[in-house]
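Asker: Take this structure first; my questions come after.
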Amino acid sequence: MSEGTPVQPPRVQVVAGNPNEEELAALFAVVSEAYVREAEEAIADDVRPSAWSRTQRPLRRPLRRDIPWGRFAG
């Protein structure tokens with residue numbers, strides 16, 4: 001998140017039970033605070049591959065030693 005972007009609290013939907021207003025308020029307070037704290041601490045590195053790594057071929061597969069080849073087949 002950038003510095004100017006406001007942090008939106010998460011949306012919560014109760015799918016079971018019948019919580020009262022105090023329980024919902026406690027839930028929203030705890031979850032919202034944890035979400036905001038995690039969002040502020042989250043830092044994602046902007047990793048871009050270099051021109052060198054983009055042009056590199058992947059490593060070759062290991063040689064299969066169980067298949068005889070060439071004059072060394074015996």
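The values are calculated or read from the model by the stated rules, or taken from the named source; none is laboratory data. Predicted, not measured: the structure shown is a model, and the values here were computed from it. Note: areas computed on protein heavy atoms with side chains; ligands, DNA, RNA excluded. Shrake-Rupley method; radii C 1.70, N 1.55, O 1.52, S 1.80 Å.
Asker: Could you rank 43, 67 by how accessible they are, 1.4 Å probe, largest area first?
Answerer: On the way: 43 145, 67 80 Å².
Result of the area sort, largest leading: 43, 67.
Asker: Using θ = phi - 60° and the Karplus form 6.51 cos²θ - 1.76 cosθ + 1.60, what ³J(HN,Hα) does each residue of the stretch 32-48 get, whole Hz, x for Gly and Pro?
Answerer: Per residue, the Karplus-derived 3J(HN,Hα) values read 4, 5, 5, 5, 5, 4, 5, 5, 6, 7, 6, 10, 9, 6, 8, 9, 10 Hz.
Asker: A further question follows. Just reorder 52, 69 by solvent-accessible area, largest first, 1.4 Å probe, all chains present. Please list the in-between numbers first.
Answerer: Values: 52 185, 69 150 Å².
I get 52, 69, largest accessible area first.
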